[in-house]
1. Explain nothing, just compute: Karplus ³J(HN,Hα) = 6.51 cos²θ - 1.76 cosθ + 1.60, θ = phi - 60°, for every residue of region 211-222 in order, whole Hz, x for Gly and Pro.
2. Between residue 95 and residue 230, take the C-beta separation as r, use R0 = 35 Å, and let me know the FRET efficiency to the nearest 0.05.
3. Quick check: the angle from helix 40-50's long axis to the longest principal axis of the chain, C-alpha only, nearest 10 degrees?
4. Taking the Cα atoms of region 4-125, what is the range of coordinates along each of the three principal axes, in descending order and whole Å?
5. Given the options 120, 225, 18, state which has the largest fluctuation in a GNM of the chain using a 10 Å cut-off (strictly under) for Cα springs.
6. Could you list which residues have their amide H under 5 Å from that of residue 198, counting only those 5 or more apart in sequence or on another chain, with H placed in the peptide plane?
7. Tally Lys/Arg at +1 and Asp/Glu at -1 over every other residue whose Cβ is under 14 Å from the Cβ of residue 89; what's the total?
8. With an 8 Å Cα cut-off and a minimum separation of 6 or more residues, compute the relative contact order for the chain in percent.
Amino acid sequence: MKLDSTISAVITGGASGLGAASARLLASHGVKVAIFDLNEDLGEALAKELGGVFCKVNVTSSEEADAAFAKARAANGQERILLNCAGVGGSVKTVSRDKQTGEIKEYPLDNFERIIQVNLIGTFRCITKSAAGMVTLPPLPCGDRGVIINTASVAAEDGQIGQAAYTASKAGIVGMTLTVARDLSGEAIRVNTILPGIFDTPLLQRASEAVKAGLAAQVPFPKRLGVPEEYAHLAHAMITNGYFNGEDVRLDGAIRMAPR
């Protein structure tokens with residue numbers, strides 16, 4: 001797919017981090033971008049910077065997603081690119097023991113369900129709604145009708161202690177990538193997933209420099225945290241390389257996560 005002003009894109013979780021870097025890169029090629037996010041301040045500011053549109057949306061709500069897609073399409077036209085970056089984390093052990101009382105605690109299932117709803121079901125919700133719009137478009141000269149990129153995590157393969165829900169949600173994204181790519185192959189829509197390692201995003205901004213240095217030291221090479229622009233460049237490659245389809249690609253400096 002050639003990127004220019006005739007192409008529009010939707011980026012979920014696009015107000016910061018990986019999504020924001022991707023929005024900036026796409027906009028630099030003339031792509032019309034729509035930022036889906038819950039953070040109005042950051043989202044509106046980025047949309048204004050890029051000449052795009054901001055849509056406040058909780059991806060766990062079909063009604064909010066429908067309204068957001070309608071707003072984005074009214075402003076930019078039907079998107080040919082969907083980049084799913086919206087997600088949440090959390091760390092709770094499957095069973096834990098209170099250090100003082102010895103009380104045994106089960107995993108709070110409402111937390112498990114919340115993470116699955118946002119990361120996995122929210123991703124698929126946006127996929128099916130976006131693809132339903134993409135199929136109404138004629139194929140481009142390259143043959144593509146659209147491209148969908150999802151964001152999983154190396155935790156999908158190397159889940160650490162306390163990451164049962166997060167790992168399950170991200171492994172689900174990895175698991176459905178090829179199936180969805182096959183589902184949409186007859187409609188000329190390609191689907192790929194990126195599995196980022198440890199990236200310097202807002203999720204890590206609260207961590208101390210010592211913690212960040214410790215995380216960076218775990219990366220074989222280069223011994224640093226990933227930067228969002230590196231994620232954006234891989235997304236760009238997946239979009240513009242027409243033979244890139246049905247793949248789950250780690251972007252992690254060769255790290256394999258230890259148990260904790």
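Here, each number is a calculation from the coordinates, and none is a lab measurement. Since we're looking at a predicted model, the values are computed, not measured. We place every Cβ from the backbone using ideal geometry, glycine too, and count neighbours over all the protein chains shown.
1. Those phi angles translate into 5, 4, 5, x, 5, 4, 5, 7, 7, x, 5, x Hz.
2. 0.40
3. Orientation of helix 40-50: about 40 degrees from the principal axis.
4. 61, 25, 21
5. 225
6. Close amide H contacts, sequence-distant or interchain: 226.
7. Values: positive: 114, 170, 206; negative: none.
Surrounding charge for residue 89 is +3.
8. Taking the mean separation of contacting Cα pairs over the length of the chain, I get 20 percent.
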